[in-house]
Amino acid sequence: MSRIAARPVIKLRTVNSGEHEPASPKSPRTIAISSGKGGVGKSTVTLNLAIQLSRLGHRVCIFDADTNLANINILTGLSPRYTLSDVLAGRQTMADILLDGPQDVRIVPAASGMLNMLDLDATQCRIFLQGLSQLEQQFDFILIDTAAGISESVLSFLQAAGEVMLVITAEPTSLTDAFSLLKVLQQQGFNKPFQVLVNRVSSYDQAKQVLGRFSSAVRKYLKLKIVQPGYVLDDERISRAAMAQQAVTLAYPQAQASRCLEHFARRIGEHEINGTEQGGDHSLAAYLEQQYRRMQSQPVFADAKSNESVSAMKTDELESFLHQLHSAPFEKAEQMVARVNQAWLARLDQQALPQSWVDTAQYRSAIRFASKLNQSRKPE
């Protein structure tokens, strides 16, 4: 492929390369970086943005929230002795598990099995919130590398973070899955402006075309706003650096992808994205503590009501469907389940759910089901 010169990030003005003086907010800027599907380069983007922000003089921490893959460890060649699981168990403190990453970036390694922050018990909640408060006192930026998809953990981090960034590619599956993620988020009351980074594009024009198509759909059907978009040109040196367990911005600082990431990081460093429901100061720990308290104040019989509703649904039609599901060949059964999931997501499109129902165990169980189904799909 012919080399294409890296142009400035979409709609970005030229940034002076002079000395940068980082801001000192009361709370760090927390940016949750996510994607609708795996394999779009989300963790690579997270790592390299963290490095570029650190180069600008910011104190940066990556919170690896992908409990399935822990790609940040792989990309940096780090083998953590302890993870967040040890902190939640009371065996280590947050300071004990922090890893020294490249370019003075610190890393909180992923905790295997931590499915949902809001499902932690009272002791784990206290420990987790104390650990987050400690992090917020030490850093200017906390980049949360979430898992891909619509699991409860991903949704919790996206709601809790002060800023949200989605990584997409030109692939149709990437765009549709990212749209589905936003759709489920919106049903939970998400209405913040967010950033989008179009990864692995061949040119500025392709990035602009992909972003325009995605932005139009999001604005028309979800009434959400994309701000400060960016793009990264496709570059074989990204894969070459990953094979050597290095960040491309360090291994090949003059590569076209590195230059795109540098421009985007400068834009992030200069302009904070604030949601419509929050001010300029946002604490991840404070938000989560508020959510914990709200959930604890819910009636203890909420789950019982959900069970009664499920029992009432057990009609002859439902039993017949379950019998077909059990007896059908595996591929046909998989298609049946996929159709149920599609019908449920379509229902979310057509009906605004009250917050009282969104907070129920029944709704969260449906989200978990949809997430597992999406994760089980074979990559194309």
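Of everything in region 111-146 that's open to solvent by 10 Å² or more (accessible area, probe 1.4 Å) and among the small types (Gly, Ala, Ser), which residue is modelled with the highest pLDDT? Looking at the filtered set, the residue picked out is Ser133.
Looking at the structure I just gave you, is Asp64 of a type outside the set (Ser, Thr, Tyr) and without any contact (Cβ under 8 Å) to a residue 24 or more places away in the chain? When the stated conditions are applied, Asp64 does not pass them. Once region 35-46 is narrowed to residues that are in a helix (DSSP H, G or I) and under 17 Å from Asn68 (Cβ atoms), the residue that is farthest from the chain's Cα centre (by Cα) is Thr44. Scanning region 184-198 for residues that are open to solvent by 10 Å² or more (accessible area, probe 1.4 Å) and either touching a Leu at 6+ places or on another chain (Cβ under 6 Å) or modelled with pLDDT of 95 or more (or both) gives Gln186, Gln187. Please determine, by comparing only the residues of region 65-82 that are open to solvent by less than 30 Å² (accessible area, probe 1.4 Å) and not hydrophobic (A, V, I, L, M, F, W, C), which one is farthest from Ser156 (Cα to Cα). Looking at residues that are open to solvent by less than 30 Å² (accessible area, probe 1.4 Å) and not hydrophobic (A, V, I, L, M, F, W, C), I get Thr76. Looking only at region 172-183, residues that are touching a residue at least 24 places away in the same chain (Cβ under 8 Å) and open to solvent by 10 Å² or more (accessible area, probe 1.4 Å) come to 7 in all. Residues in region 261-290 that are under 22 Å from Leu166 (Cβ atoms), open to solvent by 20 Å² or more (accessible area, probe 1.4 Å), at pLDDT below 85 and in contact with a helix residue (DSSP H, G or I) (Cβ under 6 Å, 6 or more places away or on another chain): Tyr287 only.
Of all the numbered requirements in (1) open to solvent by less than 80 Å² (accessible area, probe 1.4 Å); (2) under 35 Å from the mean Cα position of the chain (by Cα); (3) at pLDDT 55 or above, Ser327 misses one, and that requirement is (2). Taking Val105, is it touching a residue at least 12 places away in the same chain (Cβ under 8 Å) and farther than 29 Å from Gly189 by Cα? Yes; evaluated as a whole, the condition is true for this residue. Is there a residue in region 92-102 that is under 22 Å from Gly162 (Cβ atoms) and at pLDDT below 95? Scanning region 92-102 turns up at least one residue that is under 22 Å from Gly162 (Cβ atoms) and at pLDDT below 95.
The values are calculated or read from the model by the stated rules, or taken from the named source; none is laboratory data. Being a predicted model, the structure only gives us computed values, none of them experimental. Please note: Cβ atoms are built from the backbone with ideal geometry, for glycine as well, and neighbour counts cover all protein chains shown. The accessibility values were calculated without ligands, DNA or RNA, using every heavy atom of the protein model including side chains. Shrake-Rupley method; radii C 1.70, N 1.55, O 1.52, S 1.80 Å.
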